[in-house]
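Quick notes on the structure that follows.
Bear in mind that the values in this text are calculations on the coordinates, not laboratory data. What you see is a predicted model, and the numbers here were worked out from it, not measured in a lab. Cβ coordinates were reconstructed from backbone atoms using ideal geometry, including for glycine residues, and neighbour counts include every protein chain displayed.
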Amino acid sequence: MTAAAPPSGLSGPAGAGRQPGSTDGGAPDGAEGAPRRRGLTPYWLLAPAGLWLAVFFVAPLFYQASTSVQSGSLEEGFRVTWQFSHYTDALATYGEHFLRSFGYAATATVLCLLIGYPLAYMIAFRAGRWRNVVLVMVIAPFFTSFLIRTLAWKTILSDGGPVVRALHSLHVLDVTSALGLTGDDRLLATPLAVVCGLTYNFLPFMVLPLYSSLERIDTSLQEAARDLYATPATAFRKVTFPLSLPGVVAGTLLTFIPASGDYINAQLLGSPNEQMVGNAIQKQFLNVLDYPTAAAMSFLLMALILIIVSVYMRKAGTEELV
Amino acid sequence: MTLTLSGISKSFDDFTAVHPLDLTIPEGSFFALLGASGCGKTTTLRMIAGLEEPSAGRILLGDDDITRLPPHKRPVNTVFQNYALFPHLDIAENVAFGLRRRGIKNVRAQVAEMLDLVQLGDLARRRPRQLSGGQQQRVALARALINRPRVLLLDEPLGALDLKLRRQMQLELKRIQTEVGITFVHVTHDQEEAMTMADSVAVMYQGRVEQLGPPADLYENPRSTFVANFLGTSNLVEAKVLAGQDTAGTASAGLRVEVPGADGALRVPPDRCSAGDTEPGAMVLVGIRPEKIALVSAEEAATVPDGHNRLTGRIKDAGYLGVSWQYQVETPAGAELTVYAQNLERDSRLTAGAPVVLHWRPAHTFALDAAQDAAAGEETL
């Protein structure tokens with residue numbers, strides 16, 4: 001192995017990410033005493049993030065978990081009664097919302113991949129000196145708030161606006177209507193608008209991980225494939241794409257997970273018929289003030305996402321990827 | 001099947017990497033392109049592989065023009081500088097890659113045979129990153145050779161290995177080349193590597209071939225200062241051409257030159273003079289390899305054989321290298337000459353400051369055109 005052994009004394013969490021098969025250096029110089037102090041360093045480095053997570057993630061999680069099994073009302077107060085019916089009730093009432101959320105999120109993720117992969121590929125291999133400019137353009141939308149950007153889409157897709165008129169005169173809207181994606185000759189308040197909004201808003205989360213995994217691929221590997229009788233298409237299929245899989249997995253997760261829980265796009269670009277589970281949770285928390293049901297729905301969403309993601313990860317088989 | 005490069009050149013925007021170049025590489029030969037980094041040798045190799053498109057000229061393999069063929073249609077394979085092994089495939093699949101692309105289904109026997117040739121049979125299921133540099137190098141070789149290419153291109157294949165392993169792989173590569181009989185075109189910046197392995201060497205400098213020939217010819221009779229300095233070391237001294245009175249008319253007529261401040265003339269054989277202007281009075285660079293020079297104390301000047309070229313000087317520095325002594329000798333000509341003397345019986349008078357006579361056989365002398373940089377190709381640290 002050419003990989004240098006990590007500094008001695010780095011044990012515990014910091015030393016866990018080593019390559020399989022690399023032999024431990026054994027660190028014969030690791031005298032007693034010196035490593036003792038260094039041994040604590042990783043934990044000190046972890047402390048700020050750990051503390052942050054404990055206060056703002058773990059504690060609220062437990063608080064919400066307990067809320068989800070309470071019963072009562074806002075006037076009388078809520079008490080923990082281990083009432084698990086909130087979960088089954090939520091699933092019965094809002095099953096459609098869950099399905100719709102995952103459907104929209106999955107569609108948006110696939111669209112992001114289809115749009116993002118060529119873009120990331122171009123930035124990584126063909127952009128030359130424009131690489132940084134294009135990368136800045138990819139993240140430029142983040143300089144404006146998520147809400148403002150989605151509102152802008154509302155204007156772009158508005159009834160009678162240029163996009164609707166153009167698509168109408170090209171008879172594209174007839175096709176999408178026939179597919180049930182739009183209706184009444186409009187784009188706003190249709191599933192298409194919501195999916196477009198999600199795709200637009202989460203595209204950078206797909207492009208950046210894809211770019212970083214493509215960019216790490218040694219171009220001599222593509223040349224080696226071409227030299228070994230692979231056509232450009234085969235070289236992509238057999239070498240470039242498999243090596244970019246870690247980026248594909250990271251990008252799809254970073255897109256699918258937040259898109260599943262999103263409610264802004266459905267609220268601004270959709271109608272009540274396009275409500276996603278995020279909208280339902282928001283309504284329970286802020287309008288109905290039924291905190292236990294809202295908390296139960298949040299946990300259901302989390303659990304379902306975890307299941308989907310773990311099945312996906314197993315299918316994608318990321319374990320041996322570089 | 002002869003590989004012919006005919007007038008091939010490559011320019012990038014405002015930079016010419018390879019000037020029009022003609023090379024003929026006979027079938028089955030071990031051919032080295034030797035030069036410092038940036039001399040155009042790798043670009044030349046990549047044009048043969050099809051990874052770089054020539055700006056002009058033609059590449060012929062036998063009678064077939066392959067100039068415009070994409071890399072996957074050329075019967076040529078490359079061993080890349082950093083091996084470029086596919087990290088997501090195991091060793092056997094790396095080696096089988098080319099066969100599979102050509103639609104060959106049953107590759108197992110061929111892969112096993114090829115891994116045996118490079119002595120890696122037991123590592124077939126490992127991943128490239130689990131192998132040492134030398135093993136990866138062998139995999140890269142096996143991956144290319146399994147396709148039985150007409151020409152195998154090697155781009156600094158030993159550059160990433162340590163010295164001892166490099167020596168070992170040099171012999172190994174030579175053995176494999178002899179065994180498979182495929183034409184090898186080897187790009188390297190290591191003159192020793194080129195000399196030990198290649199049948200013919202083309203020395204490249206600034207996008208041009210400076211000199212081409214068997215290693216011994218290049219070393220013994222360099223035709224330019226770059227070759228003289230890049231292959232080993234040379235002493236180059238400016239000298240003025242004298243009228244050739246005493247040898248005129250005889251069969252051994254050569255050049256007689258005079259080093260300023262030297263006693264008597266130096267003689268250069270006719271076939272070892274590559275200077276353009278050899279009229280009496282013209283300046284040339286006279287060259288002699290350090291190991292060809294004999295060094296005697298000035299008191300022994302009478303022992304110098306008649307007919308030898310000779311210069312007097314004074315030892316500036318005597319360095320002990322174990323296997324030899326290295327002397328720096330100042331001559332009245334102003335030039336400083338390096339002399340290697342085998343560590344046999346050494347005259348104890350040969351110490352710093354001692355006056356000495358340098359002498360050597362005229363047959364070892366060469367003359368180069370003075371209108372070039374005398375320091376070209378010298379190692380700069």
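Here are the numbers for the structure shown:
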| quantity | calculated |
| --- | --- |
| Estimated distance in nm for a label pair at A:Y43 and A:M122, the labels positioned 7 Å out from Cα along Cα-to-Cβ | 5.1 nm |
| Prolate/oblate/rounded label for chain A (Cα gyration tensor, a/c 1.5) | oblate |
| Proxy reagent accessibility, fewest Cβ within 10 Å first, across B:C273, A:C112 | B:C273, A:C112 |
| Residue-averaged beta-carbon neighbours from other chains (10 angstrom radius) around A:215-225 | 5 |
| Computed label-point distance, nm, for sites A:L61 and A:V134 using a 7 Å Cα→Cβ extension | 3.8 nm |
| Estimated translational D of the range B:234-369 in µm²/s (Stokes, Kirkwood radius over Cα pairs; 20 °C; 1.002 mPa s) | 141 µm²/s |
| Förster radius 41 Å - calculated FRET efficiency between A:K154 and A:V288 (Cβ-Cβ, nearest 0.05) | 0.95 |
| Listed residue (A:L113, A:I123, A:P258) projecting farthest to the positive dipole end of chain A, Cβ model | A:I123 |
| R0 of 51 Å, Cβ-Cβ distance A:A233-B:Q372: FRET efficiency to nearest 0.05 | 0.55 |
| Cβ crowding within 10 Å averaged over residues, with A:71-84, A:118-131, A:267-280 ranked highest first | A:267-280, A:118-131, A:71-84 |
| Descending semi-axes in whole angstrom, ellipsoid equivalent of chain B, from the Cα gyration tensor | 48, 25, 16 |
| Local net charge near B:R361, Cβ-Cβ under 15 Å (Lys/Arg +1, Asp/Glu -1) | +1 |
| Residues in the range B:329-347 that a label on B:D317 would reach, taking backbone N under 15 Å of a point 7 Å out along Cα→Cβ | B:329-331, B:336-340 |
| Local electrostatic count, A:H168, Cβ distance below 13 Å [Lys/Arg +1, Asp/Glu -1] | -2 |
| When the convex hull of its Cα atoms is projected in every direction, mean area for the range A:80-174 (nm²) | 11.4 nm² |
| The range B:45-152 - percent relative contact order, Cα under 8 Å, separation 6 or more | 32 percent |
| Cα-based Rg / Dmax (Å) for the range B:3-225 | 17.3, 54 |
| Cα-based helix-to-principal-axis angle, B:108-117 vs chain B, degrees rounded to 10 | 20 degrees |
| For the protein assembly as shown, share of DSSP beta bridges that run antiparallel, in % to the nearest 5 | 75 percent |
| Approximate spin-label separation A:A166-B:T178, in nm, with each point projected 7 Å along Cα-to-Cβ | 7.2 nm |
| Convex hull volume per residue in cubic angstrom - Cα atoms of the range B:1-125 | 147 Å³ |
| Along each principal axis, Cα extent of the range B:273-353, largest first, Å | 43, 27, 20 |
| Cα long-axis angle, helix B:91-101 against chain B (0 to 90 degrees, to the nearest 10) | 70 degrees |
| Pairs from B:K10/B:K105; B:K41/B:K105; B:K73/B:K105; B:K41/B:K73 whose Cα-Cα separation, in the structure shown, is over 28 Å | B:K10/B:K105; B:K41/B:K105 |
| Global geometry of the range A:37-104, whether rounded, prolate or oblate, following the gyration tensor of its Cα atoms and the 1.5 cut on a/c | oblate |
| Amide N of the range B:336-372 lying under 17 Å from the label point, which is placed 7 angstrom from the Cα of B:A302 along Cα→Cβ | B:357 |
| Antiparallel bridge percentage (DSSP; both residues within chain B; nearest 5) | 75 percent |
| Efficiency of FRET from Cβ geometry, A:E76 and B:D64, R₀ 56 Å, rounded to 0.05 | 0.05 |
| Volume of the Cα convex hull of the protein assembly as shown, divided per residue and given in Å³ | 267 Å³ |
| Prolate/oblate/rounded label for the range A:170-317 (Cα gyration tensor, a/c 1.5) | oblate |
